[in-house]
Amino acid sequence: MPKRFRVALVTGATRGIGYNVGKEMVKRMPLTTTYMTSRVNVDGLQAILGMQLGAAARDRAKFVRMDVRDLEAVNGMKEKIVKNFGGLDILVNNAGIYHVPDKSLSVFPKQVQEILGINYWGTKNVIGSFFPHFKPHSRIVNITSNLGHIMSVKSMEDELKEALRLRFNSCNNEFELDGLLLKFQRDAIQGTWRKEGWPSCGYTVSKMAINAYTRILQTQFDEDDREDVVVNAVYPCTKHSKIDQSDMKILDDEEGAKFVFYMAAVKPNSHGVFPRGAVIWNNSRVVDNREGYTYNNKHQQQLPLEFEQV
């Protein structure tokens, strides 16, 4: 059996896009061990993957139950990976939850707490735990959504949308971004979120936060002089049964997973031709690089990317 030196971690990986991303890694990266985690039961999934990809795939895939909100569980996963592999090569943060917005004062604050607890704070738990242990040339993908784009907010006037965008763009570090999210949670509890200029969708705010966090995190890696560690937020444009995607070109999970895989397996030292700290939709297009937005899913300009397929 060949010795595996590289390791990948995919959270929220027992179904949908997360499962297919992990499956793509197991299929395309035979010298990499891929950990696939979920907060729900993972029993039987290794056997299913083996039936889909062959018996050898079961040795390369490791399904683990891990709730990203549980810092002890996250740290346990980190300790196992660091002990066995010396650090992490690829991280795909897919763990997330969506609730159809309920604006009632008895429900909305609970939705916000659960959504942010997984989508934002949970993502930060994973990245924070592994932060000192990302190997040179590591790749991090934070899964985002079309709802994380300011243009998705239908119920706000343009000037309020712009103010909301500026709120997130003005955050220059984690402390400021965390404070902004804590304010949203307080405003939700107090029933003043609309008065304070927030949309009535906790998921939207969580993905806007992920987009901003991705930008901040890349700056941290660069300032820390980490060797070619790259993080991007990626929207795979796959179907979500509860989200309005009527203006989007939707792909199936397998096709979306291929793009996420590409973004997670790009070759080392792709400076100048590969986005860093950006928000990217699955037409190889940067839609938010802090200098402006584009919102035209029919635009198919391709970036000259080189991908590592091993």
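The values are calculated or read from the model by the stated rules, or taken from the named source; none is laboratory data. This is a predicted model, so every value here is computed, not measured. Cβ placement follows ideal geometry from the backbone for every residue including glycine, while neighbour counts extend to all protein chains displayed. Side chains are part of the model used for accessible areas, which takes the heavy atoms of the whole protein and leaves out ligands, DNA and RNA. Shrake-Rupley method; radii C 1.70, N 1.55, O 1.52, S 1.80 Å.
Listing for the model above:
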read-out: Exceeding the 20 Å Cα-Cα cut-off - candidates Lys23/Lys258; Lys62/Lys267; Lys27/Lys83; value: Lys62/Lys267; Lys27/Lys83
read-out: Where only C-alpha atoms are counted, convex hull volume of segment 111-201 per residue in Å³; value: 115 Å³
read-out: Point-to-point label distance, Lys195-Glu176, nm (Cα→Cβ direction, 7 Å offset); value: 2.7 nm
read-out: Global form of segment 21-95, assessed from the alpha-carbon gyration tensor, a/c cut-off 1.5; value: oblate
read-out: Largest to smallest accessible area among Phe175, Phe131 [probe 1.4 Å]; value: Phe175, Phe131
read-out: Solvent accessible area, Å² - Arg167, 1.4 Å probe, full protein context; value: 60 Å²
read-out: At R0 = 25 Å, FRET efficiency that the Cβ-Cβ distance of Val100 and Thr219 yields, to 0.05; value: 0.15
read-out: Global form of segment 154-195, assessed from the alpha-carbon gyration tensor, a/c cut-off 1.5; value: oblate
read-out: Sulfur and carbon atoms: percent of accessible area, segment 101-228 [1.4 Å]; value: 52 percent
read-out: Heavy-atom accessible area order for Trp121, Trp281, largest first, 1.4 Å probe; value: Trp121, Trp281
read-out: Rounded accessible area of Leu116 (nearest 10 Å², 1.4 Å probe); value: 0 Å²
read-out: Accessible area in the full protein assembly, largest first, 1.4 Å probe, for Glu72, Glu114, Glu79; value: Glu72, Glu79, Glu114
read-out: Förster-model FRET efficiency, 45 Å R0, Asp158 and Leu31, C-beta, rounded to 0.05; value: 0.35
read-out: C-alpha center-to-center spacing [segment 1-52, segment 169-238] in angstrom; value: 28 Å
read-out: Arg226 - accessible surface, heavy atoms, 1.4 Å probe, Å² rounded to 10; value: 40 Å²
read-out: Two-site FRET efficiency, Asn41 against Val107, from Cβ-Cβ distance with R₀ of 41 Å, rounded to 0.05; value: 0.90
